Amino acid sequence: MQQWHQVTLIANNLSDDTIDYINYLYFELGATGTQVKYAKDYLKNTLNLFGTLEDPLTTDLDRPTQIEAYFDELPDVDRLEKKLESYLEGINWQVETTTVQEENWQEGWMEHYHPEMISRFLTIVPEWYDYTPSPGEEMIRINPGLSFGTGNHPTTKLGAQALEMVMRGGEVVLDVGTGSGILSFVAQRFGARYVYGYDLDPQAIESARGNLIHQTSQAKESIEFYVNDLLKGIDHEADIIVANILPHILVHLFEDAKRLLKPKGHLILGGIIDDQTDFIEEKLDQFGWQVVQKMTYYEWTGYIVQLKKEG
Ligand SMILES: C[S@@+](CC[C@H](N)C(=O)[O-])C[C@H]1O[C@@H](n2cnc3c(N)ncnc32)[C@H](O)[C@@H]1O
């Protein structure tokens, strides 16, 4: 029976945005699954990662909120705590770690993955799922494994929708923080000529390359995945750069994006929780970017931006 490392953050008075942020941090650290307990309003109002509402029975207002995550290998808890420290200022919180036996939770987790229509004609389908597309509907098969990017998360959908908005075909696309590779596959289906997907996490690149096996032969010939820190050292000129990463990391992308993007190219940003939009808009302005379109999906915001015109 497989053993999992469970990391639990326990705290009172967490806002919905904070809960979202913590979930997101967990996934960035490589969580396979997360679960929120005892957060009445959040559970009542918020669609979980799979687009369904949590069971209200897990809401007991007398208890502090618990945000649990399950990891294959124990993550860097010090790193997590450091990130939380600045975000949870003024809140009493603690992190506990324990190990749990597999039981059925992982199977339960897989059951949550359903085909997810993310554009007018594109549906993300779990690799193991028996699915017949309707006429005109196209499928992208994905096994998310331990990486982020099943198509169900609002930030992924924002990225996909923004791609559909700006793509006309023939583009070179850089997908930064590719996770499972999902936005690279989506960009290719929207007509990209060539896509490069990058991730800092070697496990993500392994899963993205694994997912390439399930794609069309055209996709196999026009998508490459590499381990890389944002766009450092990359020299592919691009029509579009898409990045669904947390705001404080995204800002380190702005200079390289400027260097690599063609003059009329688009930079697409996802992963921004509503209360961080001021921060990101200020930084965009500072680095010479202008917002062309701002999109929201539940409490998440995405941007399509271009370089400001000189003069
Ligand atoms: C939220 S996931 C996005 C996955 C996928 N693109 C999607 O939209 O569903 C963010 C990804 O960014 C990666 N990441 C975080 N920091 C990074 C960095 N400095 N350079 C490259 N990738 C990074 C994480 O490993 C993770 O796979």
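The values are calculated or read from the model by the stated rules, or taken from the named source; none is laboratory data. What you see is a predicted model; the values in this text were computed from it and never measured. No Cβ is skipped: glycine too gets one built from the backbone with ideal geometry, and neighbour counts run over all protein chains shown. All accessible areas refer to the heavy atoms of the entire protein, side chains included, with ligands and DNA or RNA removed. Shrake-Rupley method; radii C 1.70, N 1.55, O 1.52, S 1.80 Å.
Data for the structure
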quantity: Dipole of the chain, positive end: most advanced residue of Ala11, Asn244, Tyr194 [Cβ charges, Cα centre]; calculated: Tyr194
quantity: Accessible area (Å², 1.4 Å probe, nearest 10) - His252; calculated: 120
quantity: Projected label distance in nm at Asp62 and His236, using a 7 Å step from Cα toward the beta-carbon; calculated: 5.7
quantity: Accessible heavy-atom area order of Phe185, Phe27, Phe287, highest first, probe of 1.4 Å; calculated: Phe287, Phe27, Phe185
quantity: Compactness of the chain - radius of gyration and Dmax, Cα, Å; calculated: 19.2, 65
quantity: Rounded to 5, percent antiparallel among DSSP beta bridges of the chain; calculated: 60
quantity: Dipole moment magnitude, nearest 20 debye, the chain about Cα centre, only Lys, Arg, Asp, Glu C-beta charged; calculated: 1220
quantity: Net charge dipole size for the stretch 158-311 [Lys, Arg +1 and Asp, Glu -1 on Cβ; Debye, nearest 20]; calculated: 560
quantity: Top positive-direction residue, dipole computed over the stretch 113-307 with Cβ charges, set Gly270, Phe185, Gly169; calculated: Gly169
quantity: Accessible area, probe 1.4 Å, largest first, for residues Arg120, Arg193, Arg63; calculated: Arg120, Arg193, Arg63
quantity: In sequence order, calculated HN-Hα J values of the stretch 90-99 (Karplus, 6.51, -1.76, 1.60; Hz; x Gly/Pro); calculated: x, 10, 7, 8, 8, 10, 10, 10, 8, 10
quantity: Helical mean residue ellipticity (222 nm; -39500 (n - 2.57) per DSSP H run of 4+; nearest 500) of the chain; calculated: -8500 deg cm²/dmol
quantity: Accessible-area order (highest first, 1.4 angstrom probe) of the listed residues Trp289, Trp93, Trp128; calculated: Trp128, Trp93, Trp289
quantity: Carbon and sulfur %, accessible surface of the chain computed with the full protein complex present, 1.4 Å; calculated: 46
quantity: Estimated distance in nm for a label pair at Glu310 and Val227, the labels positioned 7 Å out from Cα along Cα-to-Cβ; calculated: 3.9
quantity: Förster radius 35 Å - calculated FRET efficiency between Thr132 and His248, Cβ distance, rounded to 0.05; calculated: 0.25
quantity: Amide H contacts under 5 Å for Ile272, placed H, 5+ residues apart; calculated: Thr301
quantity: Distance violations [Cα-Cα > 19 Å] among Lys82/Lys294; Lys258/Lys309; Lys157/Lys308; calculated: Lys82/Lys294; Lys157/Lys308
